[in-house]
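One structure is given below, encoded as structure tokens.
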Amino acid sequence: MAVRVRSEFLHAWRNYERYAWGHDALRPLSKTPHDWYGQSLLMTPVDALDTLVLMKLDADVGKTKALIVSDLSFDRDIYVKNFEVTIRFIGGLLSSYQLTGDKHLLQLAQDLGNRLLPVFNSPTGLPYVYVNLRTGQVREPVTNPAETGTLLLEFGTLSKLTGRPEFYDKAKRALVETYKRRSLLGLVGQGINVETGAWTDTDSHISGGIDSYYEYLWKCWLLFGDNDCRDMWNASIPAINKYLADEAGGELWYGHANMQTGARTETTYRALDAFFLALLALSGDLERARRLQASSFKMWNLHGIEPETFDYKSMRVVNGAYHLRPEIVESTYYLYHFTRDARYRQMGEKLFGDFVKYCRADAGYAALADVVTKQKRDEMESFALAETFKYFYLLFAPPRTVDFDNVIFNTEAHPLSRTW
Ligand code: DMJ
């Protein structure tokens, strides 16, 4: 299986090389390149580099690293999304630096970190959504906990590796300021204004817009030994399990609730939400993790591949797209690691078989517009190479491929280790 995953990864990678080399991403149906901000920041090469390293594709590592070192410059008059750029670029550059020892990658991460720092110059210390990489001007004060709270693994590691505390301090303040605004029930909402500190949307869930805020509370405790992060996690997880967890037909799901009243607002579960059971497993709650994996796998099997959003009460698809997302693969890998239960590798085989069957295109891998009809869409996000293929590979590769107990994967699957 590991060999098969690696060979399918290469099908995606070779087509990126052939049709989009030097650009942010490949559009796999039209076989054309795509750049997020009108000019390339080499998103796919940076995001995929540590996957190439882990798969021991040494010639490709050398070629990709050479491209990054010679062509990547962040001195550009463009507004970028701080969250996406942090998890993909700072995360990717730092993990590849730690895996290869190439100091150019650390220098690039530091240069990008410097250019992102102005996002934190709000009255609350919560980051704006966009920053201009050349001028430092910021835009868009309405954001969410995922974007304010998913920065500390990357900025913190940058601090430890450069000896500059401001990266750690600013990202930690953003995490703490988000936490401080939790409701009396202990929940956070999905919209917040960084200038006033007021919630703009009080819907609470573990899904996109909030998800990795929780992930970083626990992982920053593990990576940095930061007691505040552990305490914030311990104070948050009971509320999630009380108000967001939902039992339906004997199955465990996580839905939405109002952060102030705890009243149920939606009975939807998303493909993204499967990250949460990896986090449950990592924090020691294997029982809930196993139950939620069974639910996620059921959602996948309804149409042979999972929809983006699904109503677990009616069992109906709400949004039928599949964006080549990694979360269910990530969770299968974590559960297999912690239990060594062969069932999880069997689940992985089923997931991978479906993934190949429905998403493989002539030139790479394509997202699906609709999991019911299996119609493809012209999209291969960099996280398919950074995360989805990596977690499939790690699920089947020899256990020592990654020293699981001594690395923390950031939310984009970039392994960071405590080398300091
Ligand atoms: C990735 O960019 C990250 O995993 C993020 O935390 C959530 N969404 C995508 C993958 O689905």
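Residue selection: A48 satisfies the criterion of being within 21 Å of the chain's Cα centre (by Cα) and small (G, A, S). Does L368 qualify as being more than 16 Å from the ligand (Cβ to nearest atom), buried (at least 23 other Cβ atoms within 10 Å of the Cβ) and more than 21 Å from V61 (Cβ to Cβ)? No. Within segment 316-350, being in a strand (DSSP E or B) and either under 24 Å from N410 (Cβ atoms) or at pLDDT below 95 (or both) holds for one residue alone: Y322. Across segment 208-225, the number of residues qualifying as open to solvent by 10 Å² or more (accessible area, probe 1.4 Å) and under 18 Å from H414 (Cβ atoms) comes to 4.
Within segment 50-86, which residues are within 16 Å of the ligand (Cβ to nearest atom) and either open to solvent by 10 Å² or more (accessible area, probe 1.4 Å) or closer than 24 Å to V5 by Cα (or both)?
D50, T51, K81, F83, E84
Here is the figure for segment 110-122: residues that are in contact with a Phe, Trp or Tyr (Cβ under 7 Å, 6 or more places away or on another chain) and without any contact (Cβ under 8 Å) to a residue 60 or more places away in the chain total 5.
For segment 397-420, the tally of residues that are open to solvent by less than 10 Å² (accessible area, probe 1.4 Å) and of a type in the set (D, E, K, R) stands at 1.
Could you tell me how many of the residues in segment 198-207 are in a loop (DSSP other than H, G, I, E, B) and either open to solvent by less than 10 Å² (accessible area, probe 1.4 Å) or among the basic types (K, R) (or both)?
The qualifying residues number 3.
Restricting the search to helices (runs of 4 or more DSSP H) fully inside segment 112-192 and requiring at least 1 residues that are over 24 Å from R76 (Cα atoms) and over 20 Å from the mean Cα position of the chain (by Cα) gives 152-162, 165-180.
Residues of segment 250-275 that are within 16 Å of the ligand (Cβ to nearest atom) and more than 18 Å from N319 (Cα to Cα): F275 alone.
For segment 371-390, the set of residues classified as more than 14 Å from the ligand (Cβ to nearest atom) and either within 20 Å of L106 (Cα to Cα) or open to solvent by 10 Å² or more (accessible area, probe 1.4 Å) (or both) consists of V372, T373, K374, Q375, K376, R377, D378, listed by residue number.
Counting only residues that are surrounded by 23 or more Cβ atoms within 10 Å (Cβ to Cβ) and either acidic (D, E) or under 17 Å from N241 (Cβ atoms) (or both), segment 297-313 holds 1 of them.
Tell me whether segment 351-364 contains one or more residues that are more than 16 Å from the ligand (Cβ to nearest atom), out of contact with any Cys (no Cβ under 7 Å at 6 or more places or on another chain), touching a residue at least 60 places away in the same chain (Cβ under 8 Å) and assigned to a helix (DSSP H, G or I). Checked against the condition, which is being more than 16 Å from the ligand (Cβ to nearest atom), out of contact with any Cys (no Cβ under 7 Å at 6 or more places or on another chain), touching a residue at least 60 places away in the same chain (Cβ under 8 Å) and assigned to a helix (DSSP H, G or I), segment 351-364 yields at least one hit.
Y393 falls short on exactly one of the conditions (1) within 16 Å of the ligand (Cβ to nearest atom); (2) surrounded by 18 or more Cβ atoms within 10 Å (Cβ to Cβ), and that condition is (1). Looking only at segment 106-156, residues that are among the small types (G, A, S) and more than 25 Å from V69 (Cβ to Cβ) come to 4 in all.
Yes/no per residue for (1) within 16 Å of the ligand (Cβ to nearest atom); (2) surrounded by fewer than 24 Cβ atoms within 10 Å (Cβ to Cβ):
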{"site": "I90", "(1), (2)": "yes, no"}
{"site": "L99", "(1), (2)": "no, yes"}
{"site": "L126", "(1), (2)": "no, no"}
{"site": "T148", "(1), (2)": "yes, no"}
{"site": "T157", "(1), (2)": "no, no"}
{"site": "L161", "(1), (2)": "no, yes"}
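How many residues are under 12 Å from E306 (Cβ atoms) and either within 20 Å of the chain's Cα centre (by Cα) or among the β-branched types (V, I, T) (or both) if we restrict to segment 348-358? Of the residues in segment 348-358, 2 are under 12 Å from E306 (Cβ atoms) and either within 20 Å of the chain's Cα centre (by Cα) or among the β-branched types (V, I, T) (or both). Looking only at residues that are polar (S, T, N, Q) and open to solvent by 10 Å² or more (accessible area, probe 1.4 Å) in segment 314-337, which one is farthest from the ligand (Cβ to nearest atom)? Step by step, filter segment 314-337, then rank; the result is S314. Among the residues making up segment 255-283, those that are assigned to a loop (DSSP other than H, G, I, E, B) and open to solvent by 60 Å² or more (accessible area, probe 1.4 Å) are Q260, T261. So is G197 closer than 21 Å to A263 by Cα, among the small types (G, A, S) and touching a residue at least 12 places away in the same chain (Cβ under 8 Å) or not? No, not satisfied.
If you go through segment 196-241 and pick out every residue that is over 18 Å from A278 (Cβ atoms) and under 18 Å from the mean Cα position of the chain (by Cα), you end up with 1.
The values are calculated or read from the model by the stated rules, or taken from the named source; none is laboratory data. The structure presented is a predicted model; accordingly, all values stated were derived computationally and were not measured. Counting neighbours? That spans all protein chains shown, and the Cβs are built from the backbone with ideal geometry, glycine included. Please note that ligands, DNA and RNA were not included when accessible areas were found on the heavy atoms of the full protein model with its side chains. Shrake-Rupley method; radii C 1.70, N 1.55, O 1.52, S 1.80 Å.
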